[in-house]
Structures are given as structure tokens and as C-alpha cells.
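Data block below; observations after.
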Amino acid sequence: MIGFRLGDLGVRQSSKKTKMIVVGSSTTKKEQVTLIKNLFNKYSKVWISKPNNVGVINVSTILHPSFSFLLPKSINIEKWIVSNDTNMAAFVGGYIDAEGSFGVYNKRSRFRLGSYDNKILKQIHTWLRKFNIKSIYILERQKKVGQNCDFWRITVNEARSLMKLYRIIFSYLKHSKRKADFIKVIKNINLRAQNGTIQL
């Protein structure tokens with residue numbers, strides 16, 4: 001939840017008196033709507049608007065104050081998450097659901113994770129390298145006039161590294177398209193291995 005929140009959710013306190021936690025997001029992707037609904041509908045009612053004239057859907061819910069752990073919009077991943085591999089894998093899964101993508105391009109598999117949260121991405125990059133996952137971490141786009149931040153990107157292209165990433169992360173993914181695309185990536189790798197074009 002925290003990983004997905006930092007990537008894609010707006011969170012605020014309703015008031016100092018009630019201390020209820022208001023969560024909201026706007027998206028054009030039905031998979032994103034379903035994910036948010038599934039994350040929170042066991043705890044509270046989730047409101048989903050009709051698409052507006054450009055297809056944007058607003059999703060919101062009001063949660064008990066015990067969900068105040070979602071309020072901080074930190075520029076770093078908290079130490080209690082980074083220091084525990086299970087917690088970190090869950091966080092990265094949520095962040096990938098919000099900001100990541102998997103795909104096969106020119107018959108080659110690739111994972112990409114991009115955002116303006118350079119410190120969070122750097123922590124994820126360092127954590128991936130811990131498992132010998134060959135990730136590339138770069139400044140993809142410098143900020144322009146009117147923008148607040150540079151845009152950063154993590155990329156994983158190596159087949160062995162993608163297989164390792166799958167074993168560590170896949171069970172934590174909740175986004176239906178991310179999961180389906182990751183399965184396509186793994187199928188592509190296995191097919192290429194069978195054909196002898198790569199070694200695993």
C-alpha cells in the first residue's frame with residue numbers, strides 16, 4: 001500500500017477533528033480503478049465516478065484514522081522497509097503497480113520503472129543490485145521550465161535479471177496489466193532460451 005501510495009495516490013486528513021484519511025486518484029486506466037477498489041473496499045466504501053469527456057475516472061475513499069501511515073509523502077523509503085527484504089519486496093511491488101511497465105520490444109524483454117522520485121528509485125536500484133539484478137539507473141529527462149523535478153528511470157534488460165525479478169516481485173503485484181505483461185516477458189525469455197538465442 002505504501003509503495004503504491006507514493007507512486008500514484010493522493011492522501012490527506014479530512015480534518016483535525018475527525019482525523020479520517022481521504023484517499024483519491026484520477027486515471028484513464030480501468031485496471032488502475034480496479035486495483036484501487038480491490039485495495040480498499042474491504043475497509044471502506046470506494047466511490048468511482050463516471051469517465052469525464054476525456055475518459056478520466058476519479059476514485060476515492062475515506063478510511064479510518066489507523067490508515068494514517070499513508071499520509072507521509074516521503075522522498076525516501078523508510079528504514080523499517082529498506083532493512084527488511086520482505087517489506088521491501090512488497091513496497092517495490094506496489095511502486096511498480098503505480099509507475100512500472102513490462103514489455104517485449106523487438107522480441108526482447110524489458111522492465112522499466114520511471115518517476116520524479118529520484119531518491120526512491122536510487123534505493124530501489126541499490127536493493128535490486130543486492131540480488132545481482134542488473135538494473136540501469138539514469139537521469140532520463142532534465143526538468144524544463146515550469147517543471148519541478150528531473151525524471152529518472154530504472155531499466156532491467158538482461159534475461160537472467162528479469163527472471164530473478166520475477167521470483168522476488170511477482171507475488172506482490174496487484175495490477176492486472178502489470179502481472180499479465182510480466183508473464184509475457186517471462187514467456188518470451190523461456191522461448192528464447194528454448195530456441196538457443198539466450199542462456200539462463
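The values are calculated or read from the model by the stated rules, or taken from the named source; none is laboratory data. It should be emphasised that the depicted structure is a prediction, and the values quoted were computed from it without experimental measurement. Every residue, glycine among them, receives a Cβ derived from its backbone with ideal geometry; neighbour counts consider all protein chains shown.
In segment 90-103 there is at least one residue matching the filter, namely being over 16 Å from Tyr172 (Cα atoms), touching a residue at least 12 places away in the same chain (Cβ under 8 Å) and surrounded by fewer than 20 Cβ atoms within 10 Å (Cβ to Cβ).
Among the numbered criteria (1) more than 15 Å from the chain's Cα centre (by Cα); (2) in a loop (DSSP other than H, G, I, E, B), which single criterion is violated by Lys174? Failed condition: (1).
Taking strands (runs of 3 or more DSSP E) as the structural unit, those lying wholly within segment 72-143 and holding at least 1 residues that are out of contact with any strand residue (DSSP E or B) (no Cβ under 9 Å at 6 or more places or on another chain) and farther than 27 Å from Ile21 by Cα correspond to 100-105, 108-115.
Every residue, every condition in (1) surrounded by 14 or more Cβ atoms within 10 Å (Cβ to Cβ); (2) within 15 Å of the chain's Cα centre (by Cα); (3) small (Gly, Ala, Ser), yes or no:
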{"residue": "Ser44", "(1), (2), (3)": "yes, no, yes"}
{"residue": "Pro65", "(1), (2), (3)": "no, no, no"}
{"residue": "Ser83", "(1), (2), (3)": "no, no, yes"}
{"residue": "Arg108", "(1), (2), (3)": "yes, no, no"}
{"residue": "Arg112", "(1), (2), (3)": "yes, yes, no"}
{"residue": "Ile120", "(1), (2), (3)": "yes, yes, no"}
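Lys179 falls short on exactly one of the conditions (1) touching a strand residue (DSSP E or B) at 6+ places or on another chain (Cβ under 7 Å); (2) over 20 Å from Ile77 (Cα atoms), and that condition is (1). Quick check on segment 31-39. Is at least one of its residues farther than 27 Å from Ser115 by Cα and not assigned by TED's automatic domain parsing to the domain that holds His175? Checked segment 31-39: no residue is farther than 27 Å from Ser115 by Cα and not assigned by TED's automatic domain parsing to the domain that holds His175. When restricted to residues that are among the aromatic types (Phe, Trp, Tyr) and under 17 Å from Gly7 (Cα atoms), segment 26-66 contains 1.
Does any residue of segment 12-22 turn out to be out of contact with any Ser or Thr (no Cβ under 8 Å at 6 or more places or on another chain), surrounded by 13 or more Cβ atoms within 10 Å (Cβ to Cβ), farther than 28 Å from Ile138 by Cβ and small (Gly, Ala, Ser)? Scanning segment 12-22 turns up at least one residue that is out of contact with any Ser or Thr (no Cβ under 8 Å at 6 or more places or on another chain), surrounded by 13 or more Cβ atoms within 10 Å (Cβ to Cβ), farther than 28 Å from Ile138 by Cβ and small (Gly, Ala, Ser).
All conditions in (1) touching a helix residue (DSSP H, G or I) at 6+ places or on another chain (Cβ under 6 Å); (2) at pLDDT 95 or above hold for Ile75, with the sole exception of (2).
One residue is enough: does segment 16-37 have a residue meeting the conditions in contact (Cβ under 8 Å) with a residue 40 or more places away in the chain, assigned to a strand (DSSP E or B), among the basic types (Lys, Arg) and farther than 19 Å from Ile96 by Cβ? No, segment 16-37 contains no residue that is in contact (Cβ under 8 Å) with a residue 40 or more places away in the chain, assigned to a strand (DSSP E or B), among the basic types (Lys, Arg) and farther than 19 Å from Ile96 by Cβ.
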